[in-house]
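**Student:** There's a structure below that I have some questions on.
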Amino acid sequence: MKSATLPDHASRPDAALLEAMNAGDEAAFAELYKRYSYQLFNVAYGKLKNRETAEELVQDLFETLWSKRTDVHIQQLSPYLFSALRYRIINYIKSEKVRTSYELFCRLHHTDADPGTEATVALNDLNEALAAGMQHLSEKAQEVFRLSRLEQYTIPEISVRVNLSEKTVEYHLRKSLKLMRLYLRNFLLLWPIWFFIK
C-alpha cells in the first residue's frame, strides 16, 4: 500500500524535517510550516498589532527558508525562526518610522513632492547607510543597538537579554551610536531620526 511507505512527518523531529526539506521534500517543509507558523504569527502580531503585516512577515520568512534551504545551515530551527522573525519585525518598524517621519517632514514644509516616490528613494538610501554602519559593529554591538534604538528597551532590560553588565551594554551603545552617526550624517539635516542617534 502506497500510503504505508510515506514518512510520518508529524512525528519526526525538527532536525530530520530540516534534512528532508534541504533535499527538496515539500511535505517536510509543509510540516515545519504547520508546526511553527501560528507561533510566529502570534509573536509578530503581538509586536505589530497588524494581522496582515504579521502574516506577510511570517510568509516571507518561510518563503526564504524554502528558497535558501541549501544555502543556510541551521543548527536549531526554533531559535533560528524566531530570531529571523525578530529581525524582520525590526526592519519593518524601522521602515515605518522612516516613512512616517518623511511624510510629516513633507507636511510641515508644504512640499509638493510625491511622498510615495521620494520616501521610497530616501528609505532605500537610509537602509543602505544603516546596513553599511551595522556591518562595522560587532555582533553584540549590533544586538545592543537594535534593542535600544529599534525596540526601545532600557539599559537594564538589554543587560538581562544579552547577558552583559549594564556598563558593558552602555559601552557597546556609545560605540555604536558614535559609528552610526557617521554613517547617518547625510540624513541628520533632513530627517527626524532621533530614535537612532540621540
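The values are calculated or read from the model by the stated rules, or taken from the named source; none is laboratory data. Since the structure is predicted, the reported quantities are computational estimates derived from the model, not experimental observations. For neighbour counting, all protein chains shown are included, and Cβ atoms are generated from backbone atoms with ideal geometry for every residue, glycine included. With ligands, DNA and RNA removed, areas are computed over all heavy atoms of the protein, side chains included. Shrake-Rupley method; radii C 1.70, N 1.55, O 1.52, S 1.80 Å.
**Student:** Checking Gln142 against (1) part of a helix (DSSP H, G or I); (2) over 24 Å from Lys47 (Cα atoms); (3) modelled with pLDDT of 75 or more, which single condition isn't satisfied?
**Tutor:** It fails just one condition, (2).
**Student:** For segment 54-76, how many residues are under 12 Å from Leu40 (Cβ atoms) and open to solvent by less than 70 Å² (accessible area, probe 1.4 Å)?
**Tutor:** Number of matching residues: 7.
**Student:** Give me a count of the residues in segment 145-172 that are open to solvent by 40 Å² or more (accessible area, probe 1.4 Å) and either in a loop (DSSP other than H, G, I, E, B) or among the small types (Gly, Ala, Ser) (or both).
**Tutor:** Summing the residues that are open to solvent by 40 Å² or more (accessible area, probe 1.4 Å) and either in a loop (DSSP other than H, G, I, E, B) or among the small types (Gly, Ala, Ser) (or both) in segment 145-172 gives 6.
**Student:** Further, regarding this structure: Given Leu40, Leu18, which one is surrounded by 14 or more Cβ atoms within 10 Å (Cβ to Cβ) and at pLDDT 95 or above? Please lay out each step first, then the result.
**Tutor:** Numbers: Leu18 fails: at pLDDT 95 or above.
Just a single option satisfies the conditions, and that option is Leu40.
**Student:** Let me ask something else about it. Considering segment 21-37 alone, what residues qualify as being of a type in the set (Ser, Thr, Tyr) and open to solvent by 30 Å² or more (accessible area, probe 1.4 Å)?
**Tutor:** Tyr33
**Student:** Moving to a separate point now. Find the residue count for segment 43-57, including only residues that are closer than 18 Å to Ser78 by Cβ and in contact (Cβ under 8 Å) with a residue 40 or more places away in the chain.
**Tutor:** Qualifying residue count for the region: 3.
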